[in-house]
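Would you mind keeping the following structure in view while I ask a few things?
Just so you know, all these numbers are worked out from the coordinates, no wet-lab data involved. A quick note: this is a predicted structure, and the numbers were derived from the prediction, not measured. Cβ coordinates were reconstructed from backbone atoms using ideal geometry, including for glycine residues, and neighbour counts include every protein chain displayed.
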Amino acid sequence: MRLKMLIATEDKNYSESISDYISERYGNTVDVSVCSAPEYLEKMLAGKRYDVALVEHVFFERINPEDVQLVVLLVDDDVLTDVSKATPSVTKYQRISSIVSDILERYSKFSGRKHDAGVKIGNVTAIWSPAGGVGKTTVSLAHASSMADDGGKVFYLNLEAFSSMSTYFEETGKSISNVFEMLGNDEGDIKMLIQGICKQEDGITYLNSPNNYADMQVLSVENVIELISACAALTDELIVDLPCQCDSRTQQVLESADNVLIVTDSTKTSEVKLLQFMKQNTIFESICDKVALVENKGAIVSDEIISQFDEIPARLQLPFVPHDDERIVYKELSTYVGVSV
């Protein structure tokens, strides 16, 4: 069921702009209605119940609280009136994306729980390496970019405590830490919250890095699975960029993912750590049939690594791209990923 939103403003150009934005960006989850004159409001509310209403002051007194779950005032500036002090409000003259994000975030915390962990829609691809510095995040984004270029809905989720996200994306706005606060709670619509604060760049949807290291570290296995499930419900393909340590959270993601890409490079350290994982961690046996090896930076894995599989694994060989701009690197690699994966 879609969220029913009412926009009530006498500024027709403004209402058209914001309703068009919502229809284009959130058309699958938000149903928008527009009222441009106070005298029409009663008719629009008759027999209907809206989840959210974004209204100017002139409409506010005409709204019955029983008709709308959450009323948000649309104000011209930051000057607070008696009404706006007691009612949630947003400033009119700012980015429409920021206004909609703020409304969805408010409603997500106001509404009841509407997502169960374990329920997913999109395909989940986990990307992991036991060694750092092999280009795991670059490969993750190359995969995401390739799918986005093909017209798919792609969500990139970075679960590293020390993330390199700012190297690739502009991280303005709300942090993924805002989502963490709702995990494990019985109240709130986590999918709505994610939709409200997520960002999009080059066709890739993502959440900004956590506010601090501890935020990611305190997540339980159940928290991580709930987060992945909620993100997967919003996309065709969820790409999960995992930290190098193979703790209980990482193991659970590897086991529950539809596909696993293990990234390695030509360094001896990378090969030794990968062999240790294959020989000593029992989880490898349970996931090997869905693992594809990504031989990054021109690497070619040894026969010993290949011999750890019951059958010859899928392999993706990526070239070394000599460039300091990581955005250029992952976009160039996306052409190879698109052909091979």
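Grab the eigenvalues of the alpha-carbon gyration tensor for region 3-110, scale each by 5, take roots, and send me the semi-axes largest first in whole angstrom.
Values: eigenvalues 61, 58, 41 Å².
Working from the Cα gyration tensor, I get semi-axes of 18, 17, 14 Å.
I've got another one for you. Cα extents of the chain along the three principal axes, largest first, in whole Å?
For the chain, the Cα extents along the three principal axes come out at 77, 39, 32 Å.
Here is a further query. At a 10 Å Cβ-Cβ cut-off, how would you order Phe169, Phe320, fewest neighbours first?
Details: Phe169 19, Phe320 14.
So the ranking, lowest neighbour count to highest, is Phe320, Phe169.
Cut-off is 10 Å between beta-carbons; in what order do Asp215, Asp258, Asp76 appear when sorted fewest neighbours first?
Fewest-to-most Cβ neighbours within 10 Å comes out as Asp76, Asp258, Asp215.
Ok, one more. Once you've got the Cα coordinates, tell me which of Lys268/Lys290; Lys174/Lys268; Lys4/Lys92; Lys279/Lys331 are over 30 Å apart. List each step's numbers first, then the result.
Numbers: Lys268/Lys290 25 Å; Lys174/Lys268 39 Å; Lys4/Lys92 20 Å; Lys279/Lys331 34 Å.
Beyond 30 Å between Cα atoms: Lys174/Lys268; Lys279/Lys331.
For the chain, with a Gaussian network of springs between Cα atoms less than 10 Å apart, report the residue from Glu201, Glu255, Glu226 with the top mean-square fluctuation.
Glu201
Based on the Cβ-Cβ distance from Asn64 to Gln217, what FRET efficiency comes out when R0 is 45 Å, to the nearest 0.05?
For Asn64 and Gln217, the calculated efficiency is 0.45.
For region 3-110, what does the relative contact order come out to in percent, with C-alpha contacts under 8 Å and a separation of six or more?
About 24 percent, as a whole number.
Which ordering of Tyr40, Tyr156 is given by a fewest-first count of other beta-carbon atoms within 10 Å?
Tyr40, Tyr156
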